[in-house]
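No value in this document is a laboratory result; all are computed from the given coordinates. What you see is a predicted model; the values in this text were computed from it and never measured. Here Cβ is always computed from backbone atoms with ideal geometry, including for glycine, and neighbour counts include all displayed protein chains.
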Amino acid sequence: MSDSPTIYKLFFAKIDAALSALEAEGTLPAGTSRQNVAVEPPRHSSHGDLATNAAMVLAKPAGLNPRALAEAIVSKLAADPSVASAKIAGPGFINLRLDLAMWLAELSAIATLGGDFGRSQVGAGRRVNVEYVSANPTGPMHMGHCRGAVVGDALAALLEFAGNEVTREYYINDAGGQVDQLAKSVFLRYAQACGHTGDFTVEQFPWLNSLFIDWENQGENALYPGDYLRPVGRAAKDEFGDRYLAEPISEWLPIFRAFAVEQMMELIKRDLGLLGIHHDLFSSEAALHAAGKPDAAEAWLREHDLVYDGILEAPKGKTPEDWEPVELPLFRSTKFGDDQDRPIKKSDGSWTYFGADLAYHMEKANAADELIDIWGADHAGTVKRIKAAVAALSEGEGKPIPFDVKLVQMVQLMKGGQPFKMSKRAGNFVTLADVVDMVGKDVVRFTMLTRKPEAQMDFDFDKVVEASRENPVFYVQYAHARIRSTLRRAASEGFAPSGNALDLLGGDELELIKQAAQFPREVETAAKAREPHRIAFYLYDLAGAFHAYWNLGNDRPDKRFIVAENAALTSARLFLAEQLGQVVRNGLRILGVEAVEEM
């Protein structure tokens, strides 16, 4: 699939041809780099349709006066019949106003390309691994996971639409102590399913002596008390019968670990499915360890002098009384911008979280050209060291591996002016499934993309269902529903969209065409910046332009889409409406939101 032909790329080519002609004439020195030449919308529509900085960025390296170079470029562009006017602004910016036929051709291009309008090959088939969600498999998805899940999924779709080969990955953190606690919690629910009643005591379950028996206790070693584990306990009974009730913990813990993680991942996948999120790959931390990947990573790093045995720096601030210097294998992360070298193993020989993550990212990098992780903002302290690890891999392998971490802020749930509280251990948290059931998938997904992910967000249950301009998802979906309703009504009255008389369009309709023509450029800009929320912003602006035009018809019948006494104009306006709807659908598809037919 090739790039969508867009008016910006077309005029970039025209400007490039004008510069080549100036080189051939000797006006512009041969070989002058055009890398920073851009074609974009002017700051204000009154300045024209397109603007280029060509003269400004080329004048200095070419040893020319910017305005003089601009005049030479304008002389070439003015001869093009598709250019209605070319004017110089300020010290050398060039503003272009295009012939109407160019915009009408762009409208026809939307109709021709349909669902592919806006699709790009700017990604050039690069393999991008996007890892997102990766929540500990200890319970259902809650709204603390939701924003990162949506941002990651929309980013993956955006990158695919822009020509990348994308792998959507979920990293299962199933090797930590929290999974032992989960397995023990499931075992108690299993015991209940097998008929155990009353309190759990150390006499009955000796392994409880290291735990808080009070499930409501929020200590570090507390179990998971949520009712969501009751069906897991019943499933364990169905699977194992009562054979493990009297067995020592050494016998059943590994089995219940694997069983609990499997059950939780099925629950997590179902929850994510409610948002339309499906990963291509699920990678297990436990499997990573079992396969000896951290050992292999350490060997590779030592071979490249990136890990050494050294003394870890004392903790900053007041040194704990029980601290003592210990020799550990340290990764040379300071070589790549970190503030200190980091241990990959603990004093007992077990792997640190960083050591395991380092090995995991090395595995991912072997199958990708670029890595993107979507993390919660509480992981900000880990970013520098993981980036150092990937930079080390790039250096050792002799190939650059771009690596980006997108930090996503938590979402504050609000209703009736009061916050909804979440506590995963206590079992009274608001699940993702709860929220989707209350307001719907589309509302959740679009709302999560209405702010930059690094900005704080309130998810107000009252506001996200408002039928008003202040509710972006309603505003955009209503624009599409209005378009579809208009087309249905027109068909019932005997009118159909047609591109045969588009020259009847102008003025206000032209502004809508210009707005729609921005979509391919927005896709490329958003993909390059790795910012899917830009598509949501664009759709909101496009919907606003459409609603504004629609409202003109409330006072002026001649501005309505259906003008009964002028069939040709009606068909042209219906064609415009049809293409606006197509652009909205294409954008919403990237965001994973349905373009509704009616509201």
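Brief remarks follow.
- Table column - 3J(HN,Hα) (Hz), region 103-120, Karplus curve with 6.51, -1.76, 1.60, x for Gly and Pro: 6, 5, 5, 5, 5, 5, 5, 4, 5, 5, 7, x, x, 9, 5, x, 5, 9
- Nitroxide proxy distance, nm - points 7 Å out along Cα→Cβ at residue 101 and residue 511: 2.7 nm
- Of 483, 276, 391, farthest towards positive along the dipole that unit charges on Lys, Arg, Asp, Glu beta carbons give the chain: 483
- Residue 269 paired with residue 491, simple spin-label distance in nm, labels 7 Å along Cα-to-beta-carbon: 3.8 nm
- The residue among 159, 108, 328 whose Cα reaches farthest toward the positive pole of the charge dipole of the chain, with charges on the beta-carbon of Lys, Arg, Asp and Glu, is 108.
- Extended-chain gain in nm, criterion 0.36 nm per residue less alpha-carbon gap, residue 412 and residue 596: 63.5 nm
- Cα-based helix-to-principal-axis angle, 143-161 vs the chain, degrees rounded to 10: 50 degrees
- Using a cutoff of 8 angstrom between alpha carbon atoms and counting only pairs six or more residues apart, the relative contact order for region 7-98 works out to 26 percent.
- If the Kirkwood radius is taken over C-alpha pairs of region 177-274, then at 25 °C and 0.890 mPa s the Stokes-Einstein diffusion coefficient equals 179 µm²/s.
- Segments 149-157, 437-445 sorted - mean Cβ within 10 Å per residue, highest first: 149-157, 437-445
- For region 328-391 versus region 121-154, the spacing of their alpha-carbon centroids is 19 Å.
- Estimated inter-spin distance, residue 239 and residue 399, nm [label 7 Å along Cα→Cβ]: 3.9 nm
- Size of region 7-98: Rg and Dmax of its alpha carbons, in Å, are 11.9, 35.
- Here the residues 201, 138, ranked from fewest to most Cβ neighbours within 10 Å of their Cβ, fall in the order 201, 138.
- Rel. contact order, % - alpha carbon contacts under 8 angstrom, at least six apart, the chain: 15 percent
- Normalised by the number of residues in region 177-274, the average gap of Cα pairs under 8 Å and 6 or more apart makes the relative contact order 39 percent.
- For residue 376, the amide hydrogen comes within under 5 Å of the amide hydrogens of 408, counting only partners 5 or more places away or on other chains and with H modelled in the peptide plane.
- Each principal axis of the Cα cloud of region 467-591 was evaluated for its coordinate range; sorted largest first, these ranges are 48, 32, 24 Å.
- Cα long-axis angle, helix 472-492 against the chain (0 to 90 degrees, to the nearest 10): 50 degrees
- Cut-off under 5 Å, modelled amide H: who pairs with residue 338 long-range: none
- Cβ-derived FRET efficiency at R0 22 Å, residue 455 paired with residue 47, nearest 0.05: 0.10
- Extension gain (nm, one decimal) between residue 346 and residue 280, 0.36 nm per residue minus Cα-Cα: 20.5 nm
- FRET efficiency, residue 88 to residue 34 (Cβ-Cβ, R0 22 Å, nearest 0.05): 0.70
- Extension gain (nm, one decimal) between residue 247 and residue 180, 0.36 nm per residue minus Cα-Cα: 22.5 nm
- Between region 13-36 and region 244-298, the C-alpha centres lie 59 angstrom from each other.
- Range in the chain, longest, excluding exposed chymotrypsin sites (Phe, Trp or Tyr not before Pro) [loop by DSSP; at most 14 other beta-carbon atoms within 10 Å]: 324-599
- Residue (of 349, 170, 128) at the positive-pole extreme of the chain, dipole from beta-carbon charges: 128
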